[in-house]
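Report on the structure given below.
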Amino acid sequence: MWLILNVQCTLINLQLSFTSNLSYTSTVGFIGLTPHVYEFGKLNIIDTLNWTKINGIYKANGTEQYITIGNFRTDLISKVDTTNYNLNCPGAYYFIDDVSVEPICTPFWSYRDTTLAIGQDSVLIGPAITGLNINWYDATSTFITNAPGIYVKPAQTTTYTAVEDFCGTTYTSTIVVTVQPTGVNEFGMTKAELRIFPNPTTGKLKFVNNNLIDTEQLQIKICDLLGREIKQMEYKEEIDISNLENGVYFLSFYKNSQLLIIKKVIKQ
């Protein structure tokens, strides 16, 4: 489903509900349906120039015959944004296009690592698609919540684990949230300027420093998923981690005790 705001004020979100019966006879007033599909984590759909895609996952029971689109919250709990509109606006008007329902039993979404600067607001991790059954755990395997996505703001680089049950199959994904110092560091090293290959690896790792920074006194620290330091060494263009157990590791690059970058590698 695609939406675009026409005029007037904007509602907190629009929702889609599947029902087996036509549950209302009037287009005016509160319709207390259960929302099944809506834009996860988005407060207001305010774009008047571009279409906003709304998608979600719904487990059907086989009796559904109707799709209802609208706001299923009461006026009391419906948040309205009138920043760019008349305070007495009668309602929100949206154009709706390309509403479709498709069967699916293989995940088409992915989990991506992200970066957070110190002092930055929290970031959303996960596919953020409504209807997904995902249990979230922190780096110590402590359960956080069940949700399509979570907002996180760690004080230091850490990992989160998503365990997803979809169509009877369990999928486990690890997401790395890298916390970096604010501003541009003096050494100018970015993720794009330091490449590691092969990754995954069975042992040998080669580094490509496209920025040609001074690697003198550059140190590498290797940590496991729990943040425990496994080993520390001087920078070389090639290192061997074949003696490490299979799993996910983090390589932190330091110079003069300043953290430049953290890279994730997988040992197989």
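Applying the set (1) at pLDDT below 90; (2) farther than 21 Å from Ala117 by Cα; (3) surrounded by 15 or more Cβ atoms within 10 Å (Cβ to Cβ) to Ile241 leaves exactly one unmet item: (1). One residue stands out in the range 119-133 among those that are within 12 Å of the chain's Cα centre (by Cα) and β-branched (Val, Ile, Thr): the one that is surrounded by the most Cβ atoms within 10 Å (Cβ to Cβ), namely Ile125. Counting the residues of the range 145-157 that are within 15 Å of the chain's Cα centre (by Cα) and surrounded by 14 or more Cβ atoms within 10 Å (Cβ to Cβ) gives 6. Of everything listed in (1) at pLDDT below 90; (2) part of a loop (DSSP other than H, G, I, E, B), the single unmet condition for Leu5 is (2). In the range 224-238, of all residues being of a type outside the set (D, E, K, R) and assigned to a loop (DSSP other than H, G, I, E, B), the one that is modelled with the lowest pLDDT corresponds to Leu226. Restricting Leu205, Leu251 to residues that are out of contact with any Phe, Trp or Tyr (no Cβ under 7 Å at 6 or more places or on another chain), modelled with pLDDT under 90 and either surrounded by 13 or more Cβ atoms within 10 Å (Cβ to Cβ) or in the same structural domain as Thr140 (by TED's automatic domain parsing) (or both) narrows the list to Leu251. Among the criteria (1) surrounded by 12 or more Cβ atoms within 10 Å (Cβ to Cβ); (2) at pLDDT 90 or above; (3) part of a strand (DSSP E or B), the one Leu116 does not fulfil is (2).
With assigned to a strand (DSSP E or B), over 27 Å from Phe166 (Cα atoms) and at pLDDT 80 or above as the only criterion, which of Ile67, Ile96 stands out? Only one candidate passes the filter, namely Ile96.
The values are calculated or read from the model by the stated rules, or taken from the named source; none is laboratory data. Note that the structure is predicted; figures quoted are calculated from it, not measured. In this analysis, Cβ positions are derived from the backbone assuming ideal geometry, glycine residues included, and neighbour counts consider all displayed protein chains.
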